[in-house]
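The values are calculated or read from the model by the stated rules, or taken from the named source; none is laboratory data. Quick caveat, the model's predicted, so the values are computed rather than measured. Cβ sites come from the backbone with ideal geometry, for glycine too, and all protein chains shown count toward neighbours. To get the accessible areas, we keep the full protein, side chains included, count just its heavy atoms, and leave off ligands, DNA and RNA. Shrake-Rupley method; radii C 1.70, N 1.55, O 1.52, S 1.80 Å.
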Amino acid sequence: MLALYGTGVSSGISIGKAYVIYRDDMDTPEYVLPRGLLDEEIGRFLRALDKTRTQLHDVKTHIPSSAPQETGSFIDTHLLILDDAMISSAPIGTIRNTQCNAEWALKQHADLLAAKFDQIKDPYIRSKKTDIRQVVDRIQRNLLGQPEEAHHDIPSGHIVVANDLTPADTVMLKHNRIRGFITNLGGPISHTSILARSLQIPAIVSVHNATRYIENGEEIIIDGKRGSVLIKPEQIVLSEYRKRRRLIKESHLELERLRQSRAVTQDKKPIKLQANIELPADVKGAIHSSASGIGLYRTEFLYMNRTDPPGEEEQFRAYVKVIKALNGKPVTIRTLDLGADKQVDGGHSDSVVPANPALGLRAVRLCLQSIDLFKPQLRAILRASAYGKVRIMIPMISCMDEVYRVMDLIEETKLELTRKKQKFNRRVAVGVMIEVPAAAIAADLFAPHLDFLSIGTNDLIQYTLAIDRVNDAVNYLYDPLHPSILRLIAMTIDAAKAAGIPVSMCGEMAGDIRYTRLLLGMGLDELSMHPATLLAVKKIVRNSDTGKLKRFAGKVLKTRDVHELHGLVDDYNEKLDKV
Ligand code: PEP
Ligand code: MG
């Protein structure tokens, strides 16, 4: 038995066979062939093209019905690229003329084609370069006889092992019944880890060399809480983990009983526990968890794994579906937060993404620069607001000018809808995410102009502590209890209360039971999290007394030594968990 360790990002125990996805950058072989072997080499190239075509058709027939619409057109684009002369016939000429091998000939032409795309100004068309790269990788894999990188046919019950997974990959994995995943890279608040929690499957990231040590089909145990992976475990270990898995299941069943109970503290203070969702299909889990509304709808996931952005109508239908399912409960629709690790193309392209993407043209910055992308979304949200209680939430706000510009665009959109006699809620609430330190520090300047604030601790921690969310080398610095983070949260709560507007938290910290008592004590009464954690948080809420928690939080905020502060929080939790 071999043990590997990483960062557990979604708790639980899974036992199953490993399914290893190979996607390390391929080294393209280059060699010269004797003239007599050229026909055979061309035949090998043509067979690889045929195999690629068959695989793509096969992918198309396996698209799950719950996948975003137009996922099929993504495959059609790949089929068109495959038939492009630069890919399917130019390499044949190069094999004949230079006597090189098929892989090398293909690489030459693919690089030329990719370079042409680099010159294109339009960022959306430029991003299509990734599709070329994906098609070429597939042909190269077939030439080299490497296993297909396919997520659609992962046998159910397997544990996925990969170098890294992008949020777009994880959305596709959502449709497979996988039992968990392990990645060589990644951090606890990367969007991939967040999705793992929403899938309610154990996951461990930053398990260095996992794809090297774990072989396809090998039996493994993953413990998402401890961050450990056991390869080829002995019988005695297997039975111990089966027992632990049973106990976890029993405690989940116990929590299920709280579904009908209200989220009120012992001193009768109601706490709003809301759900974070990525796709309309997630709304079922949110309702099942007894969420009092949607506190964060990450709409950018509608834009992934496809070639064209969703149009106004498609977005409108998606939003209305969620709103209607919520049946009068509030739905906070966050406008597009694309960029950084959330690329429409899955983030596999290396040259399209600039250096420091998290500090670049992301979220509202991208929207304000690409009005053609933003306006259809605003129209769709506003139209959907006629069907229920909708709140519009703007991500990544760092200065008031951005707020004013978004407000102007919303007003302009309202006028257009009025002219077209389309229904919408004129008083739709507009709020912002407080996730950039600048916005937290100046929250008192923002709050009077807004209807609500929501603290996004994932980015707030990333930007305040200067740790890239997706860089496993700096995971160890991730600390929601860092005094700077606690102070920024306190400042935001104070600013919202002074302006008389609601404030919530929708970052991962809100769904981590380690922080529930502290956050309630700091005065938060709205928390939004993945449905999977909601009942555990509710259990703590129901056993809490806000007066006592306020005193506890006051003590924590005054503690100057960070180790002492951690100890204070953990000891307090341990004491109350026993009661
Ligand atoms: C956050 O940053 O805390 C947040 C909720 O947004 P996201 O994780 O989607 O960036
Ligand atoms: Mg964020």
Length gained when the stretch MET407-LYS550 is fully extended (0.36 nm per residue, less Cα-Cα span): 47.9 nm
Taking a ≥ b ≥ c as the square roots of the eigenvalues of the Cα gyration tensor of segment 77-119, is the shape rounded (a/c under 1.5), prolate (a/b larger than b/c) or oblate? oblate
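Do you know the relative contact order of segment 447-574, to the nearest whole percent, from alpha carbon pairs under 8 angstrom that are 6+ apart? Numbers along the way, then the final one.
Values: 155 pairs, mean separation 32.2, N = 128.
This gives 25 percent for segment 447-574.
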Find the all-direction average of the projected area of the Cα convex hull for segment 401-487, expressing the result in square nanometres with one decimal place. 7.3
Using the Kyte-Doolittle scale, which helices in the chain average at least 0.5 and also have C-alpha atoms spread 15 Å or more along the helix axis, with helices defined as whole DSSP H runs? 71-83, 483-499, 531-542
May I ask for the net charge around ARG44, where only other residues with Cβ less than 13 Å from the Cβ of ARG44 are counted and Lys, Arg are +1 while Asp, Glu are -1? -3
For the chain, with all protein chains present and a 1.4 Å probe, just round the carbon and sulfur fraction of the accessible area to a whole percent. 52
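Sort HIS78, HIS208 from largest to smallest accessible area, using a 1.4 Å probe on the heavy atoms of the protein chains. All intermediate terms of the calculation are to be shown ahead of the outcome.
Values: HIS78 10, HIS208 105 Å².
So the residues, ranked largest to smallest area, are HIS208, HIS78.
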Two-decimal log10 I(q)/I(0) for segment 372-442, as the Debye equation yields it once each C-alpha is a single scatterer, q = 0.17, 0.22, 0.25, 0.28 Å⁻¹: -0.64, -0.96, -1.14, -1.30
Quick one: which of 4-15, 483-494, 526-537 comes out on top by average Cβ neighbours within 10 Å, and what's the full order, highest first? 526-537, 4-15, 483-494
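Based only on the alpha carbon positions, what is the Kirkwood hydrodynamic radius of segment 504-579, in angstrom? Intermediate results must be reported in sequence, preceding the final value.
Values: mean 1/r = 0.0794 Å⁻¹.
12.6 Å is the Kirkwood radius here.
Leaving out ligands and nucleic acids, and using a 1.4 Å probe, what accessible area per residue does the chain come to in Å²? Numbers along the way, then the final one.
On the way: 25560 Å² over 579 residues.
It amounts to 44 Å² per residue over the chain.
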For the chain, what's the radius of gyration and Dmax over Cα atoms, in angstrom? 25.3, 87
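For the ranges 157-164, 570-577, what's the packing order if you count other beta-carbon atoms within 10 Å of each residue, average per peptide, and put the highest first? All intermediate terms of the calculation are to be shown ahead of the outcome.
Numbers: 157-164: 22.2, 570-577: 13.0.
Highest mean packing first, the order is 157-164, 570-577.
Using only alpha carbon pairs under 8 Å that are at least six residues apart, calculate the relative contact order of the chain and give it in whole percent. Walk me through the numbers on the way to the answer.
Numbers: 1092 pairs, mean separation 86.9, N = 579.
For the chain, the relative contact order is 15 percent.
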